[in-house]
Amino acid sequence: MATTPTSDTFFESNRLPWETVGEGVSRQILAHEPSLMLVRVSFEAGAVGALHHHVHTQMSYVESGVFRCTVGEEERMLKAGDAFYAPSNVWHGVVCEEAGKLVDAFSPMREDFV
């Protein structure tokens, strides 16, 4: 049996706002529910996602650009199509080497973002 989609089923990025969250960094919340959140983050070249940690499990996909990514004690250069995993409470951060976007998934959702 087919179900009727609701406004909480589909999320069109061109209708969702961007929020400035740091110098050269803006965030677009794509979708969320209590156990999961999807966020797009845009970085200008040279912008920094400072080292930090949180209880949430995070996976980040490089949509575009080039990023120097640190997770725990390991650092890698990642480009479009690559991804990284930051377990709960592990220090992680990025430096944007070439302007681009990350798509971050958090579990549970980041209540501090909404």
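Quick rundown of the values:
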quantity: Inter-residue pairs, beta-carbon under 7 Å, first within 11 Å of Leu102 (Cα to Cα) and in the range 43-64, second open to solvent by 70 Å² or more (accessible area, probe 1.4 Å) and assigned to a strand (DSSP E or B), 6+ apart; calculated: Met59/Tyr85; Val62/Lys79
quantity: Filtered residue count, the range 26-49, keeping only those that are assigned to a strand (DSSP E or B) and either over 15 Å from Gly65 (Cβ atoms) or of a type outside the set (A, V, I, L, M) (or both); calculated: 16
quantity: Subset tally (residues that are in contact with a Cys (Cβ under 8 Å, 6 or more places away or on another chain) and either among the polar types (S, T, N, Q) or open to solvent by less than 50 Å² (accessible area, probe 1.4 Å) (or both)) for the range 29-47; calculated: 2
quantity: Search result, residues across the range 50-64 that are part of a strand (DSSP E or B) and open to solvent by less than 20 Å² (accessible area, probe 1.4 Å); calculated: Gln58, Ser60, Val62
quantity: Subset of the range 99-114 (residues that are surrounded by fewer than 19 Cβ atoms within 10 Å (Cβ to Cβ), of a type in the set (A, V, I, L, M, F, W, C) and not in a strand (DSSP E or B)); calculated: Phe113, Val114
quantity: Residues within the range 77-98 that are crowded, with 16+ Cβ neighbours inside 10 Å and of a type outside the set (Asp, Glu), tallied; calculated: 8
quantity: Test: residue in the range 3-14 that is touching an Asp or Glu at 6+ places or on another chain (Cβ under 6 Å) and in contact (Cβ under 8 Å) with a residue 12 or more places away in the chain; calculated: no
quantity: Those residues of the range 52-85 which are among the aromatic types (Phe, Trp, Tyr) and farther than 21 Å from Gly24 by Cα, in sequence order; calculated: Phe84, Tyr85
quantity: Residue list for the range 65-76, restricted to those being open to solvent by less than 80 Å² (accessible area, probe 1.4 Å) and not in a strand (DSSP E or B); calculated: Gly72
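The values are calculated or read from the model by the stated rules, or taken from the named source; none is laboratory data. No experiment lies behind these values; they were computed from the predicted model shown. Don't worry about glycine lacking a Cβ; one is built from the backbone with ideal geometry, like all the others, and counts go over all protein chains shown. The area values use the complete protein model at the heavy-atom level, side chains included, leaving out ligands, DNA and RNA. Shrake-Rupley method; radii C 1.70, N 1.55, O 1.52, S 1.80 Å.
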